[in-house]
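**Student:** Mind looking over this structure? Questions follow.
Each value in this text was obtained by applying a stated rule to the coordinates, not by laboratory testing. All figures in this text were calculated on a predicted structure; none of them were measured in a lab. Note: ideal-geometry Cβ built from the backbone for every residue, glycine included; neighbour counts use all protein chains shown.
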């Protein structure tokens, strides 16, 4: 089954025909909320808003381990995450969508592994996984095909900088990320991606760009929240069209 994790601007899937909602208990505590199971175009899908209902959970407070574990426990094999970003690269302006193929983790103090040698679960033994390619190539290819079917432009490739949040970044931090090779910045890409890899789940992220990152473009002097919110709302309609096509071709 395909799982969709919704981020800022995507707390619900409007075209999802809901079958049931289920609260899942995990060895790592409570997920962000109940999992919603349903169908899009006759295909089964599971949905979870990572920030909870009403967008009440800050990025650094999300129980990522519980979220990924809950999806895995309910039969989700593949995850496509929707993760709003700020564009660092010039071509990633507000309203664009990008499919990253690499990431750099700048977060700290987050519980970021199942293999920590702690807890009463089957994964307590320490293990080092390969993370050379953090996003699954096959699942990324499906996302690109879905965007093509939806007649939506989805930029192929980019480096996601995962910042700690919940504050937005300084212009100097964005300059640093740029020098490091990052092309976009968000707050929720890690440890979500690595946790999915630890459980053997394929993972990809579709990133709608809400604004230029701090110190870039029309965010040169400040982030304009009202404009960012309006643009994100419009862009999420395009994301939903891509998701609809993705669910339709998943498993074919």
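**Student:** Between 75, 189, 52, which gets the highest mean-square fluctuation from a Gaussian network model of the chain, Cα cutoff 10 Å?
**Tutor:** With Cα springs under 10 Å in the chain, the top fluctuation among 75, 189, 52 is at 75.
**Student:** Provide, in order from the shortest bin, the percent of all Cα-Cα pairs of region 2-150 in each 10 Å bin, continuing until the bin that contains the maximum pair distance.
**Tutor:** With 10 Å bins starting at 0, P(r) equals 9, 35, 39, 16, 1.
**Student:** According to a simple spin-label model (label point 7 Å from Cα along Cα-to-Cβ), what is the distance in nm between residue 23 and residue 130?
**Tutor:** 4.1
**Student:** Now a separate question. How big is the Rg/Rh ratio for the chain, C-alpha atoms only, Rh by Kirkwood, two decimals? Mind showing how you got there, number by number?
**Tutor:** Working: Rg = 17.1 Å, Rh = 18.2 Å.
Rounded to two decimals, Rg over Rh is 0.94.
**Student:** Could you check the spin-label model distance between residue 90 and residue 148? Points 7 Å from the Cα along Cα→Cβ, value in nm.
**Tutor:** 2.9
**Student:** OK, next. Rank by packing, highest mean first: peptides 208-214, 59-65, with packing defined as the count of other Cβ atoms within 10 Å averaged across residues.
**Tutor:** Working: 208-214: 25.6, 59-65: 19.9.
Packing order, densest peptide first, comes out as 208-214, 59-65.
**Student:** If I take every Cα pair under 8 Å that is 6 or more residues apart in the chain, average their sequence separation and divide by the length, what percent do I get for the relative contact order?
**Tutor:** Numbers: 553 pairs, mean separation 66.2, N = 252.
This gives 26 percent for the chain.
**Student:** Based on C-alpha coordinates, I'd like the Rg and Dmax of region 99-240, in Å.
**Tutor:** Every Cα atom of region 99-240 included, Rg and Dmax give 16.8, 50 Å.
**Student:** Give the percent of DSSP beta bridges with both residues in region 1-136 that are antiparallel, rounded to the nearest 5. Present the calculation step by step, with values, prior to reporting the outcome.
**Tutor:** Numbers: 11 of 20 bridges.
Antiparallel: roughly 55 percent of the beta bridges in region 1-136.
**Student:** Right, here's the next one. Counting only DSSP beta bridges with both residues in the chain, tell me the antiparallel percent, nearest 5. Each step should come with its number before you reach the end.
**Tutor:** Numbers: 15 of 41 bridges.
That works out to approximately 35 percent antiparallel.
**Student:** Follow-up. Compute the distance from the alpha-carbon center of region 39-57 to that of region 149-163, in whole Å.
**Tutor:** With region 39-57 and region 149-163 each reduced to a Cα centre, they are spaced 20 Å.
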